[in-house]
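Contents: one structure, followed by commentary.
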Amino acid sequence: MPELPEVETVRRGLAPVMEGARFERVEARRGDLRWPLPKDFVTRLTGATVTGLGRRAKYLTADLSTGDVLIMHLGMSGSFRIEGEIPGCFHHDRSKLAAHDHIVFHMSNGAVVTFNDPRRFGSMKLVARADLDDEPQLKGLGPEPLGNEFDATLLAAACAGKKTSLKAALLDQRIVAGLGNIYVCEALYRAHLSPKRQASTIADRHGKPNERAVALVDAIKAVLHDAIKAGGSSLRDHRQADGSLGYFQHSFRVYDREGESCPDGKGTIKRIVQSGRSTFYCPNCQK
C-alpha cells in the first residue's frame, strides 16, 4: 500500500492540472470503490473548482469552491492517469486498462484525470469542510512527520511509558501519521535503533526526549525527503501521476534485503515478523 512519499508524489503530480481547474464533467463508472460513493457524488463535484490539493497522512484532499472537501485514498493498487493537451506538462505512457478506470475527472483546462484501481481498495468521499475534523478517516491522526510541529519532544512524549516495540509505535497512526512498514524500517536503520527496542526508551522518566529520539526524528524526516525526491518506491503498483515509476526502492538499505550485507557495517540484514509484518534490520548496527 502506498505510504506517505508515494501519496505526496502523486499530489505533486496532480496539483498542476487540478488546482484552479473546474470539474466540467465527472464520470463515476461504478457506484462503489472500497465503499459506496456518495449518491450525489457526480452532482456535487460537477462545476466545482479545486482551490487547493493537499495531503493528510496517506489521504489526498481536494478543497472545493463549494465548501466541500474530496478525500481520496489510493488503497493497494489505485493510481491516477493524466491525459490531455496541458501546456508545460509532460506525461509518460502507462497502462490504460479501461476495465479498471472507475472515476474520470474532465477538468476545465483540458486535462482528463482518471482513477484506475484494479483491486478497488481505494476510496473517494465528499465531506463538508466544516466537518473535516470529525471525519472518521482523518480524526485521531497524529502529527505529519514532515510538519514543523513534529520533533523529538513530541515523539518522545507520545512514546513515553509505552511498552510496545518502537516499530509498532511508529506504525501507530495516532503517534505519527503516514508512516508505513517500508519507511519505518529504513528510518530505524538510519537512526541505528532496533525495531525491537521498547518505545519508551526514546524518552527519559519525565517524558523528555533523549539522543535516540533526536536521531529518530532526523532519520524519519531524511528518509521521507529522500523518498519523495525519488518519486516514492515502486514495488508493485505505484506509479507517479505522470506514469513514471518511483525509484527509491533502489536506495533501500534494509527493507527487503534479508541476507545481504549491511551497507554501513559488518552485520547481515535480518528479517523478523512483528505484528504480522516483515521487519528488516541489522542486529549489529541497530541496538
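The values are calculated or read from the model by the stated rules, or taken from the named source; none is laboratory data. These numbers come from a predicted model, not from an experiment. With ideal geometry, Cβ positions are generated from the backbone for all residues, glycine too; neighbour counts draw on all protein chains shown.
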Next item on the list: Hey, could you check region 1-33 for residues that are closer than 25 Å to Tyr183 by Cα and assigned to a loop (DSSP other than H, G, I, E, B) and say which is farthest from the chain's Cα centre (by Cα)?
Entry: Met1
Check: Restricting attention to region 131-166, and to residues there that are part of a helix (DSSP H, G or I) and within 30 Å of Arg81 (Cα to Cα), which single residue is farthest from the chain's Cα centre (by Cα)?
Finding: Asp131
Notebook entry, point to check: So, of the residues in region 255-273 that are surrounded by 17 or more Cβ atoms within 10 Å (Cβ to Cβ) and at pLDDT below 95, which turns out to be farthest from the chain's Cα centre (by Cα)?
Noted result: Arg257
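Yes or no, residue by residue, for (1) hydrophobic (A, V, I, L, M, F, W, C); (2) modelled with pLDDT of 95 or more; (3) more than 18 Å from Leu179 (Cα to Cα):
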| site | (1), (2), (3) |
| --- | --- |
| Leu45 | yes, yes, yes |
| Thr49 | no, yes, yes |
| Arg56 | no, yes, no |
| Ala62 | yes, yes, yes |
| Leu70 | yes, yes, yes |
| Leu74 | yes, no, no |
| Cys89 | yes, no, yes |
Next item on the list: Consider Arg174 carefully, then state whether it is surrounded by fewer than 18 Cβ atoms within 10 Å (Cβ to Cβ) and within 21 Å of the chain's Cα centre (by Cα).
Entry: yes
Next item on the list: Of all residues in region 197-218, count the ones that are assigned to a loop (DSSP other than H, G, I, E, B) and buried (at least 17 other Cβ atoms within 10 Å of the Cβ).
Entry: 1
Next item on the list: Give me the pairs, please: first residue somewhere in region 129-158 and among the aliphatic types (A, V, I, L, M), second residue anywhere and assigned to a loop (DSSP other than H, G, I, E, B), beta-carbon distance under 6 Å, and either six or more positions apart or on two chains.
Entry: Leu141/Ala57; Leu141/Gln173; Leu141/Ala177; Ala157/Gly207; Ala158/Ile175
Item checked: Leading residue by the ranking (nearest to the chain's Cα centre (by Cα)) among those in region 69-78 that are surrounded by 20 or more Cβ atoms within 10 Å (Cβ to Cβ) and part of a strand (DSSP E or B) -> His73
